[in-house]
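Below: one structure, written as structure tokens.
Every read-out reported here was derived from the displayed coordinates using simple, explicitly stated rules and does not represent laboratory data. It should be emphasised that the depicted structure is a prediction, and the values quoted were computed from it without experimental measurement. Counting neighbours? That spans all protein chains shown, and the Cβs are built from the backbone with ideal geometry, glycine included.
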Amino acid sequence: MTGSVNGANLGFENDLWTAADKLRGHMDASEYKHVVLGLIFLKYISDAFQARYNQLLDTKESLYTDPEDRDEYAAANIFWVPQGARWENLEVNAPQPGIGRLVDDAMTAIEKENPPLKGVLPKDYSRPSLDKRRLGELIGIIGKIGLGDEASRAKDILGRVYEYFLGKFADAEGKSGGEFYTPQCVVKLLVRMIEPYKGRVFDPCCGSGGMFVQSEKFVEEHGGKRGDISIFGQESNFTTWRLARMNLAIRGIDANLGPSQADSFHQDLHRDLKADFILANPPFNMSDWGGQRLKEDYRWKYGTPPVNNANYAWVQHFVHHLSPIGTAGFVMANGSMSTNTSDEGVIRKNMIEADLVDCMVAMPGQLFYTTPIPVCLWFLSRSKKGKGARDRAGQVLFIDCRKLGVLIDRVHRELGEEDIARIAGTYRAWRGPGFKDEYRDIPGFCKSVTLEEIKGQGYVLPPGRYVGAEVVEDDGVPFAEKMAGLTAKLFEQFEKSRELEVSIKRNLEAIKYGR
């Protein structure tokens, strides 16, 4: 593995997190994250405003421009920050006992002046339970982010710190943290496999918006520009929806996340959307998704999902929103690949026979904060014969990655850049043409399988069923010689165990007779 792909990777993030976390006191991580992330967001928009302000002062046309003219900021797609809400004012007053009220007033003023942020920013910094001395110290710590860097780099640093802190809070919150955060290595793998160069990108359970951030990065890394993709999302949890709005705003990413939070099953905010790319990490095995009220829903083209598990409701929701040339990549619980409970097997069979399943990836365990169990990635495609792709009609690619990745701590595993490149490269080579490497089956890792073979396996999709065993390189030692060596080792162990047994008996006798 070459470097961490789950963090901002700037070199100082961990020190920053440690300093900020020391100020948490008795506050839960779930509550504290809104305190910290709200302040990072405020610092970001204030820095962006100040950079534009200085630019207007320095420009040759300064005689004809007014740094306090709101239109000058709107034209540059920069939020207007009222004077009392600017970071320098908060930083000066950070040691004062009234700092909580000042921050709340700043958040309120910014929302009032910028309608897109209405109802998004946290405004409870003045509550008695928040230690104002620690709040002041936190403002001082965050005030140093990006200090001394040029404006564009300072903004990028703030965005990456925000992303790093999202991951750290997810870790601190444990299981509930996974509700708003998908590990970056998983997001990066999904994005690199579906390659969203241009078109509409949709995530109907978008959490804090990580899929969108990584999609925009992918576009820019491949010579594209902002606006090449249109972003649509939905999130059912209000606080998580706010995190997503801030996360995207801090990146300067335009997105349609709807006017508020909403349940994708019961209040589809993008009902008529047909997306070119769908990226998602839906909640695993949801039992209380309200399926009883949706038994006759128009989305269940391949079968009615069980009321006590939403996995196949999510899968069919994704299919419903795919354009005629669309591709979907999403995370699912491993059970989705083989379950036959409550007609789930029938739905999977119907989807396989409709030739929607493009690729299945078995992932290693311990990647997620929500669960230590391994998960899988599904890739669905309506365009197996699409322009620029090899004709893969009637075939599915299986990739087994369960042995990849490394432990980054006692309980979490991470896929490195080389792992991600290998998996995504295999999929791209299989889809082809034009990819530099030709696809080939690799025993134990990947195999291209026909629908007829999948039918023969009872329409189950675990890659381990298909890729076979890894080929072990022959070391040149004859089999008979290996067996002789093994027999000798076993005999040696047996003799040692007999000697140990005799020694123990002698010691017991000595104890018994007092010798």
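When 65, 304 are sorted by how many other C-beta atoms sit within 10 angstrom of their C-beta, beginning with the fewest, the order is 65, 304.
When peptides 67-74, 399-406 are ranked by their average number of other Cβ atoms within 10 Å per residue, the highest-first order is 399-406, 67-74.
Sorting check: for 261-270, 290-299, which peptide has the highest mean count of neighbouring beta carbons within 10 Å, and how do the rest follow? List each step's numbers first, then the result.
Values: 261-270: 17.9, 290-299: 12.7.
The packing order, highest mean first, is 261-270, 290-299.
With both labels modelled 7 Å from their Cα along Cα-to-Cβ, the residue 470 to residue 403 distance reads 0.2 nm.
Does the range 386-427 come out rounded, prolate or oblate, given a ≥ b ≥ c as the square roots of the eigenvalues of its C-alpha gyration tensor, rounded meaning a/c under 1.5 and, failing that, prolate meaning a/b above b/c? Prolate, because a/c is 1.5 or more and a/b exceeds b/c. Does the range 68-125 come out rounded, prolate or oblate by the C-alpha gyration tensor, with a ≥ b ≥ c the root eigenvalues, rounded set by a/c under 1.5 and, if not, prolate when a/b is larger than b/c and oblate if not? Because a/c hits 1.5 or more and a/b fails to exceed b/c, the range 68-125 counts as oblate.
Listed highest first by mean packing, meaning other Cβ atoms within 10 Å per residue, what order do 316-325, 187-196, 88-97 come in? Please report the intermediate quantities before stating the final value.
Values: 316-325: 19.0, 187-196: 24.2, 88-97: 14.9.
The peptides rank, most packed first, as 187-196, 316-325, 88-97.
Look at 44, 162 and count the other Cβ atoms within 10 Å of each Cβ; fewest to most, that gives 162, 44.
Here is the size of the range 181-467 from its Cα atoms: Rg then Dmax, 17.8, 50 Å.
Counting beta carbons within 10 Å around each of 378, 314, 80 and listing the fewest first gives the order 80, 378, 314.
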